Amino acid sequence: MSEPFWRRKSLAEMTGPEWESLCDGCGRCCLNKLEEEDTGKIYFTDVACRLLDAETCRCGDYANRNAKVPDRVRLTPQNVARLPWLPPTCGYRLVAEGRDLYWWHPLVSGDPESVHAAGVSVRGRVGASEDYMPHETLEDRIVSWPLRVPKRARARKARGGGAAGGGAADRDESTRSAADAARARCRG
Ligand code: SF4
C-alpha cells in the first residue's frame, strides 16, 4: 500500500483538497495571540476570533473570512515554517518539520471527533469572543495550553496509523507584558 500523501509530498506539492484536509480542525490558531515587543515571544489567549464556532472549532464563515477578518494571516506552503505561533500539534507545522501526523488527526483516525477526544481542540476552552474583549484586556487572558501537546494526545495507539511522537512544546505560562495582537486564521 502506498504511503499517505502527507508522508510522500511536501506542502508545496499538495493539491488543494489535500492541503485543506491537513487542517485537523483544532481551532487553536483562531485564538488571539500577543507578541512580546522586546523578544518577539508569542503568548496565546483564550479569546477567539469572532468567526470561530467554539463548539465545532471551525470557522463560522469560511467563505467570507477574508472580508470579515481582513488582518488574518493566510497559511501558505512558504510561510508555515516561519510562523512561530503555529501550535506544536498543527498538521501544517508537523508536515513542514518532516514529522508524521498524530493518531488523532482526522486523516489518520478517519473521525473528525478524534481531535476533540484527544483534548487538542479548543472545544470547551474558549473563554470569550474577541467581539466582547477589549484589546487592552487580552493580557489577562493569556493561557499556555495551546502551545502544549496534551498527554493523551501524545500517547501512541497500538494500531491506527501515524503518531508524531516527541517534540512536545510545553512552555511556561507567563503574564509578562505584551504588545500587539498577532492574528491567525486557517489555511486558505
Ligand atoms: S491550521 Fe493548524 S492550528 Fe489552525 S485549526 Fe488547522 S490544524 Fe489547527
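Overall shape of region 1-103 was characterised from the C-alpha gyration tensor. The equivalent ellipsoid obtained from it has semi-axes of 24, 18, 13 Å, in decreasing order.
Peptide packing for 118-129, 82-93 was compared via the average number of neighbouring C-beta atoms within 10 Å per residue; ordered from the highest value, the list is 82-93, 118-129.
Straight-line reach from residue 41: taking Cα to Cα under 19 Å and skipping same-chain neighbours fewer than 8 places apart, the aspartates and glutamates in range are 136, 139, 140, 170, 172, 173, 180.
Cross-link pairs exceeding 29 Å in C-alpha to C-alpha distance, out of 33/151; 68/151; 33/68, comprise 68/151. Which of rounded, prolate or oblate describes region 53-124 when judged by the alpha-carbon gyration tensor and an a/c cut-off of 1.5? The shape class here is oblate.
Using a cutoff of 8 angstrom between alpha carbon atoms and counting only pairs six or more residues apart, the relative contact order for region 1-136 works out to 32 percent.
Can you classify region 76-157 as rounded, prolate or oblate using the Cα gyration tensor, where a ≥ b ≥ c are the square roots of its eigenvalues, rounded means a/c under 1.5, and otherwise it's prolate if a/b beats b/c and oblate if not? Oblate, since a/c reaches 1.5 and b/c is not below a/b.
Where a number appears in this text, it was derived from the coordinates with a stated rule and is not lab data. What you see is a predicted model, and the numbers here were worked out from it, not measured in a lab. In this analysis, Cβ positions are derived from the backbone assuming ideal geometry, glycine residues included, and neighbour counts consider all displayed protein chains.
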